[in-house]
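What follows draws every value from the coordinates through simple rules; no lab data is involved. In this text the structure is predicted, and so the values were computed from the model without any measurement. Methodologically, a virtual Cβ is constructed for each residue, glycine included, from the backbone with ideal geometry; neighbour enumeration extends over all protein chains shown.
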Amino acid sequence: MSLKKPNYIRPLDLKNGRVDMSHGSGGRAMAQLIAELFAAELGNPYLAQGNDGALLPPPGGRLVMATDSHVVSPLFFPGGDIGALAVHGTINDVAMMGATPLYLAAGFILEEGFPLADLQRIVRSMAQASRDAGVLVVTGDTKVVEQGKGDGVFITTTGVGVVRDGVTLSGDLARPGDRILLSGHIGDHGMAILSQREGLQFDASIVSDSTALHTLTAALLDCGGQLRVLRDPTRGGLATTLNEIASQSGVGMVLQESAIPVRPAVDAACELLGLDPLYVANEGKLIAICAPADAPRLLAALRAHPLGTDAADIGEVIADAHGFVQMVTRMGGRRVVDWLTGEQLPRIC
Amino acid sequence: MKYITEFRDGELARSLAAAIAREVEPTHEYRLMEFCGGHTHAISRYGLSDLLPANVRLIHGPGCPVCVLPIGRVDHAIKLALQHEVTLCTYGDCLRVPASEGLSLLKARARGADVRMVYSTLDALKLAQANPNQQVVFFAIGFETTTPPSAVAIKQAQALGLKNFSVICNHVLTPAAMHAILAGDGGKLLHGFVGPAHVSTVIGSAPYEPFARDYGKPVVIAGFEPLDVMQAILMLIRQINAGRAEVENEFTRAVTAEGNRKAQALVADVFELRDAFEWRGLGVIPHSALKLREAYAEFDAERRFGLEYRSVPDHQACECGAILRGEKRPQQCRIFGTACTPDNPVGACMVSSEGACAAHYTYGRFREHSDSPLPQAG
Ligand code: SF4
C-alpha cells in the first residue's frame, strides 16, 4: 500500500460509491482508495512509511508466522464481521503457538460493485479489533475482481509474533494422563452465522464469540506449569480439533459430555438444524492440554480471565493405539467422537 | 429448550438403567429390535447400550429409508437423469446411495446429469413450475412419515395442470416389513419391538396389534429421545417377564391409537398398494409399498418414461441384507470400516446417519478394539 498521492479532485464517495475495476488497477483511483479508506482507518507509522513492505525493528526471539483466509458469508453477523474476524483469526493462530502477536498484514480481494460504505465499515471494524488487541496492521494489498467472480470481499491476514523463551507448544506433545481444558461455551460462532443465514429467530439471540485470545494464552503461560498443546477449535469444531491433536500425538482421549459447556440457545439451534455442537465452529475459544498436576492451576487462571470465566476440565488424554476420541455421554453411555464426515458447513470463517 | 434437556437428563437415564437392571431375569436373553433408524441413531449417539445389562441386546431394524432402497430403484433415477435428461430431485441422503456400475446420483451429477437436492417435495414442484419446458422428476422415498407430503405435491401438480412434473414412488410400509421379519428367522430371534415414533404419529398404534396377537411379540412405541428409548426398553422387559404381548405406547405425547386420519385419507386418495416391492435386504415383499392410483397416472414417472424394473444384487461382500433383518451386526461384515466407510460407502447401511453401519462406524467402533481402554463415567 503506497500512500503518497495527495490532492484528489473529488474525495471518495463513501456513502453511495462502489468498488470498480480501477480500484485495483494500480493507478490513481487505487491510491485514493488506499489513502482515504484503508490508511484513514488503519493508520499507523508503519503503514505511513508508504512502501511496498513494512520495515520493522528486530523482534528478539523465535518468530511465529501464521496466515488465514476469510470468506465468511454473510459478511456481517451477530457479534462481528469479516473485518474483525480476519484480525482475530490470525492473532489466535499466532497466540496458540505460545507467541505474543506483533504485526499483521492484510490482503483484500474486492468484488466489483461492492459498496464502499460496507468496505469502510469492515475496515473500520478491523482497525478497532487491531487497536483493541494492540497488534498493528503494518502492510497490505488490494485487488479487484469482476462482478460475479467474488462475493463482496475476501480477506487474507498474515501475522507474526515472538515466542517466549522456554515455551514449546505443539500438537504432538499430548501425553496419556494429561488433562484437556476448554475455555468456554462451544458452537457460538457457527450457530450465529447459520441462524443468520437460515433466518432463524431464537428466544435468546446467538452471538459469535469472535475475539482475540492472546491475553488469555499469556495468562496461561504466566502460570508456568506444563502446558503442552494450545489450539483454537475453529472450523470443524471441538471434535475435529481434538481428533487432529490425538492423531498428531498418537494418543486417545476420553471426554465427559456433561462437562462441555454449550449454551441452551446453541443446543436448541443445533437440534433444529440437525447439527452436533461438537462440530460447530468457534472463533474465541481455546483448548489447553496440560500435565495433570498443573490442571487445577491453569483452569483457575483461565477462569480468572474475562474470556475464560466458563472454562472447564472436559476430559483426559489416554494411551490408545487407535487414536479414538471417546466420550462418556450425558446418559452415561459411550460413543466415539469422530472426524467430521459428509458435508462440512461451508463459508463459516 | 427445556423440552430437549428434559428428555436427555442423565440422572433419569441412570435411574431407568437401574430399574432395567433390577427387572431383567439373569437367565433370560432379551433381544429387542428398534425398527426405526431414528432410534438407531439415538442409541448410538448416546451410547445407550452401555446402560443395559449384557443379556439385553438391541438389534437394529430396517427402518432407515435409504438403507432399504434396492439398487434397481436408484438405477431408475440415474437412468432418467442421464438418458432422459430430466431434472431429478431427491432428498440429500439419496444422493450417495451406491447403485449399479459404481454410480450414485452424486456421481451421475459429476457426469453432467441434472440432479438436485431438495428439502421437500414442494421444492421440486416449484422447480417444475419455474421451468415449464423441463421434465422434473421427484424421487420419493420413505416410510409413512414422508408419504403425505408426496401426496400433497401430486395433488397440487394436478390442480395446477403441470405437464412436466412426475414422481418415482418408493414409499414403503412399516407393518409389511415387520411381518416379513417375523415370518423369517426374526420370528425366533426377536422378543419384542421398540416401535416407530414419527411413523406411528401418522398410522397410529393399531396397525401393530397383529404382531402382539398373532406373533406374540410385544411392541412399545417410543419417541426418539434417549429417555424415550430407555423407558420403552423397560416396558418391553416388563411385558416379556410377565409373559404379556401387547402394543403399548410410550410416546403418548404424539401418538394415538388411530393416528392422523387426515393424512391417511390423503395418502389413500393418491396411492394404492403395489402387489409386491423389492426391499434391499428383505427381498420381495407382497403389499409392502405404494404406487400412484390410475387417477394420477400422468404424474407417475414409471409410466411416463416406461421404466422397467430390473433387480440388481448387492455388492457380494455386503452384509446389508443380514443386518437389516437383524441377523448380523455391522462389524461382522468383512469390509466394514475398511473398503466401506461413510466417506466411501459400498452398502446402503453406510450412507445415512440412521443406517446401522454408519451409526456403528461413527459412534461405536471403538468397542471392537478390546485393547482400546474403556472409560468410566466421571
Ligand atoms: S459395512 Fe458397508 S458393505 Fe458391509 S454391510 Fe455395512 S453397508 Fe454393507
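General remarks:
- Amide H contacts under 5 Å for B:Phe165, placed H, 5+ residues apart: B:Val136
- A simple rule links phi to the HN-Hα coupling: the Karplus curve 6.51 cos²θ - 1.76 cosθ + 1.60 with θ = phi - 60°, which for segment B:60-68 gives 6, x, x, x, 10, x, 6, 5, 8 Hz, with x for Gly and Pro.
- Given charges at beta-carbon only (K, R positive; D, E negative), |dipole| of the protein assembly as shown in Debye: 500
- Residue order for A:Ser183, B:Ser44, B:Ser104, fewest other beta carbons within 10 angstrom first, comes to B:Ser104, B:Ser44, A:Ser183.
- Neighbour counts of other Cβ atoms within 10 Å put B:Met33, B:Met117 in the fewest-to-most order B:Met117, B:Met33.
- In terms of its C-alpha gyration tensor, segment A:179-336 comes out oblate, because a/c is 1.5 or above while a/b does not outweigh b/c.
- Sites A:Leu273 and A:Asp165, calculated FRET efficiency, Cβ-Cβ separation with R0 45 Å, nearest 0.05: 0.45
- With the simple model of a label 7 Å out from the Cα in the direction of the Cβ, A:Ala293 to B:Asp275 spans 8.0 nm.
- Cα convex hull, the protein assembly as shown: 174 Å³ per residue, rounded to a whole number.
- Long-range amide H partners of A:Val325 with built H, under 5 Å: A:Met253, A:Val337
- For the pair A:Leu14 and A:Ser205, a Förster radius of 35 Å applied to the C-beta separation gives a FRET efficiency near 0.75, rounded to the nearest 0.05.
- Length released on extending from B:Ala21 to B:Gln83, taking residue separation times 0.36 nm less the Cα-Cα span: 16.5 nm
- Radius 10 Å from Cβ of A:Asp188, net charge of other residues (Lys, Arg +1; Asp, Glu -1): 0
- For segment A:163-216 and segment A:48-119, distance of Cα centres in Å: 18
- Build a GNM of chain A with springs between Cα atoms under 10 Å apart, and of A:Thr157, A:Thr100, A:Thr329 the one that fluctuates most is A:Thr329.
- Evaluating 6.51 cos²θ - 1.76 cosθ + 1.60 at θ = phi - 60° for every residue in segment A:147-153, the Karplus couplings come out as 3, x, 9, x, 9, x, 8 Hz, glycine and proline recorded as x.
- Contact order normalised by residue count of chain A, Cα under 8 Å, 6+ apart, percent: 21
- Taking every C-alpha pair closer than 8 Å and separated by at least 6 residues, the mean separation divided by the residue count of chain B gives a relative contact order of 21 percent.
- When the Cα positions of B:Val68, B:Phe35, A:Thr309 are compared along the charge dipole of the protein assembly as shown, B:Val68 comes out farthest toward the positive end, with charges on each C-beta of Lys, Arg, Asp and Glu.
- For A:Ser205, nonlocal amide neighbours, meaning residues 5 or more places apart or on other chains whose placed amide H falls under 5 Å from its own, do not occur.
- Over 21 Å apart at the Cα level, from the set A:Lys149/B:Lys107; B:Lys217/B:Lys291; B:Lys188/B:Lys328, are A:Lys149/B:Lys107; B:Lys217/B:Lys291.
- Potential lengthening between B:Ala295 and B:Thr252 on full extension [0.36 nm per residue; Cα-Cα distance subtracted]: 11.8 nm
- One compactness figure for chain B is 1.01, namely its Cα radius of gyration divided by 2.2 N^0.38 Å.
- The region of chain A that goes longest without hitting one of the GluC sites (Glu not before Pro) in a DSSP loop, each with at most 14 other Cβ atoms within 10 Å, is A:1-145.
- Antiparallel bridges, percent of DSSP beta bridges restricted to segment B:31-367 (to nearest 5): 25
- 3J(HN,Hα) along segment A:254-261: 10, 9, 10, 4, 5, 8, 7, x Hz, from the Karplus curve 6.51 cos²θ - 1.76 cosθ + 1.60 with θ = phi - 60°, whole Hz, x for Gly and Pro.
- Selected from B:Ala159, B:Tyr208, B:Phe251, residue furthest toward positive end of dipole (chain B; charges at beta carbon): B:Ala159
- Neighbourhood net charge (12 Å Cβ-Cβ; Lys/Arg +1, Asp/Glu -1) for B:Ile203: -2
- Percent of beta bridges antiparallel (DSSP, segment A:21-163, rounded to nearest 5): 70
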